[in-house]
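Here is the structure we will look at, set down as structure tokens.
The values are calculated or read from the model by the stated rules, or taken from the named source; none is laboratory data. Please read these numbers as outputs of a predicted model, since none were measured by experiment. Neighbour counts run over all protein chains shown; Cβ positions are idealised from the backbone, glycine included. Quick note on the areas: whole protein, heavy atoms, side chains included, nothing else; ligands and nucleic acids left out. Shrake-Rupley method; radii C 1.70, N 1.55, O 1.52, S 1.80 Å.
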Amino acid sequence: MINISNPVLGKKEYEYVKDCLDNNTLSFLGDYILKFEKNLSDYSNCKYGISCSNGTSALHLALLAVGIQEGDEVIVPNLTFIATANAVRYCNATPVFVDSEPLTWNINVKKIEEEITDKTKAIIPVHIYGHPCKMDEIIKLAEKYQLSVIEDCAEALGAEYKNKRVGSIGDIGTFSFYPNKIITTGEGGMCTTNNKEFYKKMISLRNHCATKKRFWFDGVGYNYRLTNIQAAMGVAQMERIDIFVEAKRKNAEIYSELLKDVKEIILPIEESYVKRIHWLYSIVLKDPYEISRDELIKKLRENGIESRPVFYLLTDMPPYKSDEKFPVASNISNRGISLPSSVDLKIEDIKKIVGVIKNRRGKKQRQKRTPDRL
Ligand SMILES: *Cc1c(COP(=O)(O)O)cnc(C)c1O
């Protein structure tokens, strides 16, 4: 099976994890935690990195740090992983959904302003599938209405907007290290920021609002700690981040070259002002395309290729059900498909995948064209 996104683990991951086990440095007090936080925050051009248990807790910490509370509204894209909206709900606040841009698939900045009310406190731009959002426009709106900006960078480690690494542009950036993300620690997450107050708040909330005085707590916090063992993997993974980013970009280049003459498919784009990362190389099937998206997924599976639909709209699912229309996101969601995108994907694999996509008609259609049917 060619998987959608395999983690790539090397000798260093084993070596550093073994080091933790050998030295009994397992908890969040270990040196790998500090090293990982420094590596990732340096890489993201941020002063502070706050590791935590996963990308969802990173979002929750970020929202709490900027002061989101009950009754507040937070603007999020409709086309994203559910964690973006769930973290807003954890604060007893309300996510307000915005449609996508047709080409980048990101939150449509032209539609944000009409959703801003007296209750709006923050925007979470999600760099979806690794394409950075239009941050200048978002920051401008945030300044105009005094909103916080939390970049959800879970799918975009290594991406750049106008030569700035994602996670360093808004007030706080959040990352995920789930095994199918750009780098992995098994489970894990990180917040990045240049703001000392936010940093202090997140450090505190991550560990039950603990203080310097042992077992004295000055608030209701969480256990959102990463372990030293996980951080050890993270340090090893970060040593190869440049290789990972380039490999993913190279995969995308090969896919796009081989698929460019299939006119029923819309290929992913890269705007001139960004360096994107193709977390998952994802395409949209145009209407008409001989077979449905779900039939193509099935066909790929029959050929030993894992693929998956682009995210379902949050407003189509029970927790966030709404009758409001989001035509652009809806089209991408209904017709979009993510293809295998592992760092170690081989050119032959890509050729095989493209072969199946190009040969989608299969037998049935050819039969239809035989003269006796005319
Ligand atoms: C993966 C992901 C998250 C959540 O990360 P976890 O580590 O799985 O909690 C949040 N937002 C987006 C956009 C993601 O893709």
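Charges were assigned to the Cβ only: +1 to each Lys and Arg, -1 to each Asp and Glu. The resulting dipole of the range 4-63 about its Cα centre is roughly 140 debye.
What chymotrypsin sites (Phe, Trp or Tyr not before Pro) in the range 183-236 are in a loop by DSSP, with at most 16 other Cβ atoms within 10 Å of the Cβ?
On the way: sites: Phe198, Tyr199, Phe215, Trp216, Phe217, Tyr222, Tyr224; in loops: Phe215, Trp216, Tyr222, Tyr224.
Loop-located and lightly packed - Phe215, Trp216.
In the chain, the calculated helix contribution to ellipticity at 222 nm averages -11000 deg cm²/dmol per residue, counting -39,500 (n - 2.57) for every DSSP H run with n ≥ 4.
If DNA, RNA and ligands are ignored and the probe is 1.4 Å, what is the ranking of Phe175, Phe28 by accessible area, most exposed first? Mind dumping the intermediate values first?
Values: Phe175 5, Phe28 50 Å².
Reading off the accessible areas and sorting them downward yields Phe28, Phe175.
At q = 0.08 Å⁻¹, work out log10 I(q)/I(0) for the chain with the Debye formula, treating every Cα as an identical point scatterer and leaving solvent out; two decimals please. With no solvent term, the Cα-only Debye profile gives -0.42. Tell me which residues come under 5 Å, amide H to amide H, from Asn54 once H is placed; ignore anything under 5 positions away on its chain. Excluding prolines and chain starts, which carry no amide H, the hits are Gly189.
Just name one of Phe175, Ile203, Gly189: the one whose Cα is farthest towards the positive end of the charge dipole of the range 170-209 (beta-carbon charges, Lys/Arg +1, Asp/Glu -1). Checked the options; the winner is Ile203.
Once all protein chains are placed together, Thr56 keeps about 40 Å² accessible to a 1.4 angstrom probe.
If you take every DSSP beta bridge whose two residues both sit in the chain, what share of them, in percent to the nearest 5, is antiparallel? Of the beta bridges lying entirely in the chain, close to 60 percent run antiparallel.
A 1.4 Å probe run over the protein chains yields, for the range 232-374, 53 Å² of accessible area per residue, whole-number rounding.
Only lysine pairs 8 or more places apart, or on different chains, with alpha-carbon atoms under 22 angstrom apart are counted in the range 1-142, and they number 19.
In this structure, Thr117 and Ile82 have a Cβ-Cβ separation that, at R0 = 30 Å, corresponds to a calculated FRET efficiency of about 0.80.
Place the peptides 260-267, 248-255 in order of packing, highest mean first, counting for every residue the other Cβ atoms within 10 Å and averaging per peptide.
Numbers: 260-267: 13.2, 248-255: 19.1.
Result, highest mean first: 248-255, 260-267.
The amide H of Lys47, built 1.01 Å from its N in the peptide plane, has Thr193, Asn194 as neighbours under 5 Å, considering only residues 5 or more places off or on other chains.
Computed from phi, the 3J(HN,Hα) profile of the range 330-347 under the Karplus parametrisation 6.51, -1.76, 1.60 (θ = phi - 60°) reads 4, 5, 5, 5, 6, 10, x, 9, 9, 9, x, 9, 4, 4, 9, 5, 9, 4 Hz, with x in place of Gly and Pro. In this simple spin-label approximation, Ser292 and Asn163 carry label points 7 Å from Cα along the Cα→Cβ vector, and these lie 4.9 nm apart. For the range 112-186, the Cα gyration tensor yields ellipsoid semi-axes of 25, 13, 9 Å (square root of five times each eigenvalue, largest first, whole Å). Backbone geometry of the range 100-116 corresponds, through the Karplus equation with coefficients 6.51, -1.76 and 1.60 at θ = phi - 60°, to 3J(HN,Hα) couplings of 9, 7, x, 9, 7, 6, 7, 3, 7, 5, 6, 9, 6, 4, 5, 9, 7 Hz, x marking Gly and Pro. Label separation (Lys263 vs Asp42): 5.2 nm, computed from points 7 Å beyond Cα along the C-beta direction. If each of Val220 and Ile241 carries a label point 7 Å out from its Cα toward its Cβ, how far apart are those two points in nm? For the pair Val220/Ile241, the computed spacing is 3.5 nm.
Using the Cβ-Cβ distance between Asp136 and Leu26 with R0 set to 30 Å, the FRET efficiency works out to roughly 0.10.
Indicate, rounded to the nearest 5 percent, the antiparallel portion of the DSSP beta bridges found entirely in the range 38-159. List each step's numbers first, then the result.
Details: 1 of 12 bridges.
About 10 percent, rounded to the nearest 5.
Dipole of the range 8-48 computed with +1 at Lys/Arg Cβ and -1 at Asp/Glu Cβ about the Cα centre; of Gly30, Gly10, Tyr43, farthest Cα towards the positive end is Tyr43.
Expressed as a whole percentage, what fraction of the accessible surface of the chain belongs to carbon and sulfur atoms when a 1.4 Å probe is rolled over the protein heavy atoms?
Working: 9040 of 17740 Å².
Using a 1.4 Å probe with all protein chains present, the chain comes out at 51 percent carbon and sulfur.
Taking all protein chains into account, the per residue accessible area for the range 1-116 stands at 44 Å² (1.4 Å probe).
The packing ranking, built from the mean of other Cβ atoms within 10 Å per residue, places the peptides 154-166, 11-23 in the order 154-166, 11-23, highest first. For the chain, the dipole from Cβ point charges (+1 on Lys and Arg, -1 on Asp and Glu) about the Cα centre works out to 980 debye, to the nearest 20. Using θ = phi - 60° in the Karplus curve 6.51 cos²θ - 1.76 cosθ + 1.60, the 3J(HN,Hα) couplings for the range 17-22 round to 5, 4, 4, 4, 5, 4 Hz; x is entered for Gly and Pro.
Take each peptide in 29-41, 290-302, count the other Cβ atoms within 10 Å of every residue, and average; sorted highest first, the result is 29-41, 290-302. For His278, the residues 5 or more places off, or on other chains, whose built amide H falls under 5 Å of its own are Arg249.
Calculate, in nm to one decimal, what Lys250 and Asp19 gain on full extension: separation in residues at 0.36 nm each, minus their alpha carbon distance. Each step should come with its number before you reach the end.
On the way: separation 231, 0.36 × 231 = 83.16 nm, distance 3.36 nm.
So the chain would gain 79.8 nm between Lys250 and Asp19.
Here the range 181-314 is assigned +1 on the Cβ of each Lys and Arg and -1 on the Cβ of each Asp and Glu. Its dipole about the Cα centre then comes out at about 960 debye.
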